Amino acid sequence: MIEPRWLARPLIPAPSGERSRPGRRGAAGRLAVTLAVLILFGWGMGVLVLHVAPGVFHTGLDRPVNRWLHGHRSRGLTHALRRAADLGSEVVVLAVAVVGGVIWAARRRHAAPLVALGLAYTGGAGITLAVKLLVRRGQSELHGLTGVTQLGFPSGHATLAAAVYGTAAVLLSRPAGPRPAHNGSPAGRWLRTGAVAGLVALVITIGVARVYNGQHDTTDVLAGWILGGLWARAVASRPRAWMSASPRTR
């Protein structure tokens, strides 16, 4: 059995010297600004979809997709995709972020992965809630539900999945750090590539499932993918500034 040693590799090459607290605070400030910008960007997308060009997005995209899916649903696929969509729920994604982060951090003997996944989840949830409240688009017209949790734009499942699973995928896809013997092996590269591809496929499947089952419109999911993906990229690009990447010695 091949042991996935790539889980224990540094998220980034270890920098020389110690990182200062001001540097970490500066990175935290940049992440906060990024979070605010993404919330405003999400609100702008909502305004564009609902008010500026509803004929292009809602009439030209959402309704045709909903009609086509409604006429091609199957009971078996609906059940399977409903189970797949559950992997993007708040409870499941939070559990994955915590449990996965703890295991990854334990293997690396450093809290970096747990902090990264925690930031990914917290920011993704904050973006979702803020944009939902700003846009206040009801969920897919097939349901007509009300309440904050049923606000449709953006899809919370798509946003959280892209944020958390996307962060994990970006971190796993990083080049090897100071452990070429582990990270440069063909087996390690294949495992890493497979894990990244699986995470990306999972994010796509969750979004498609939400549309297929009539729980969201296509534009809700596309907005969630964009916002969650951008937040994942922001989180994954900052770790060297706000936490040391080198494993702790025993």
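Values in this text are rule-based calculations from the coordinates and carry no lab data. Every value quoted in this text rests on a predicted model; they were computed, and no experiment measured them. Positions of Cβ are generated from backbone atoms using ideal geometry, with glycine treated the same way; all protein chains shown enter the neighbour counts.
Relative protection proxy for 155-161, 38-44, 51-57, from highest mean packing down: 155-161, 38-44, 51-57 (other beta-carbon atoms within 10 angstrom).
Kirkwood radius and radius of gyration were both taken over the C-alpha atoms of region 20-241, and their ratio Rg/Rh is 1.01. Judged by the mean number of other Cβ atoms found within 10 Å, the most tightly packed of the peptides 110-116, 76-82 leads the ranking 110-116, 76-82. With r defined as the distance between the Cβ atoms of ARG136 and VAL99 and R0 fixed at 30 Å, what FRET efficiency is calculated, to the nearest 0.05? After rounding to 0.05, the efficiency reads 0.35.
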